[in-house]
């Protein structure tokens with residue numbers, strides 16, 4: 001099986017050359033205009049080869065393509081939590097409708113679930129916090145503190161992208177997946193009414209949004 005990243009590059013380049021009559025007229029590859037539609041198709045084709053995580057929620061299923069090539073440690077960590085049942089019965093405990101929805105920490109009665117420990121950040125992997133991407137949540141002051149929690153970007157969030165290794169804020173949040181099915185479910189969840197709950201936050205859904213289970217397929 002071809003590497004998804006290599007396949008994406010090959011398909012995008014092929015589409016560009018095809019759009020120019022099959023040749024580049026002496027121009028470098030960087031000078032050849034790439035058809036956005038062809039590039040999007042190539043991206044979707046590449047995503048089809050990634051392992052997928054299916055979140056079975058009360059509102060419907062959300063399918064996430066996992067970027068194991070770009071964020072291997074973060075994907076292994078997420079898969080380990082999923083395959084051991086950690087996410088079963090957890091909730092999306094934070095709904096910031098203009099930013100993200102976040103889950104992976106609490107049960108439906110808001111008891112926190114124990115985590116195994118932290119992993120190093122893989123935020124410097126070239127992936128951006130665009131709408132529909134999935135990133136590892138962490139402590140604001142420690143870039144290497146990701147555990148079981150994750151969030152789905154409901155809009156483009158460039159402020160979460162890696163800038164430099166200077167400090168935790170500049171290191172951003174590591175993207176490790178992308179929603180490929182069920183974005184309508186995500187958009188419905190972002191409209192959920194929220195309330196403040198002591199010890200958890202100010203953007204907690206009034207009615208729990210439960211993740212019944214998470215299954216992963218290669």
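All of the numbers you see were taken from the coordinates with simple rules; none came from a lab. Owing to the predicted nature of the structure, the values given are computational and were not obtained by experimental measurement. No Cβ is skipped: glycine too gets one built from the backbone with ideal geometry, and neighbour counts run over all protein chains shown.
Couple of notes before you dig in:
- Global geometry of the stretch 116-208, whether rounded, prolate or oblate, following the gyration tensor of its Cα atoms and the 1.5 cut on a/c: oblate
- Ranked list, fewest to most other Cβ atoms within 10 Å of each Cβ, for 101, 211, 119: 119, 211, 101
- At 0.692 mPa s and 37 °C, Stokes diffusion of the stretch 48-145 via Kirkwood alpha-carbon radius, µm² per second: 224
- Counted by neighbouring Cβ atoms within 10 Å, the residues 99, 189, 130 run from fewest to most as 130, 99, 189.
- Neighbour counts of C-beta atoms inside 10 Å place 185, 214 in the sequence 185, 214, starting with the fewest.
- Reducing the stretch 160-193 and the stretch 67-112 to their Cα centroids gives an inter-centroid distance of 12 Å.
- Whole-number percent relative contact order across the stretch 145-218, with pairs defined as alpha carbons under 8 Å at least 6 apart: 16
- The stretch 49-107, relative contact order [Cα under 8 Å, separation at least 6], %: 19
- Cα gyration tensor, the stretch 52-217 - rounded (a/c under 1.5), prolate or oblate: rounded
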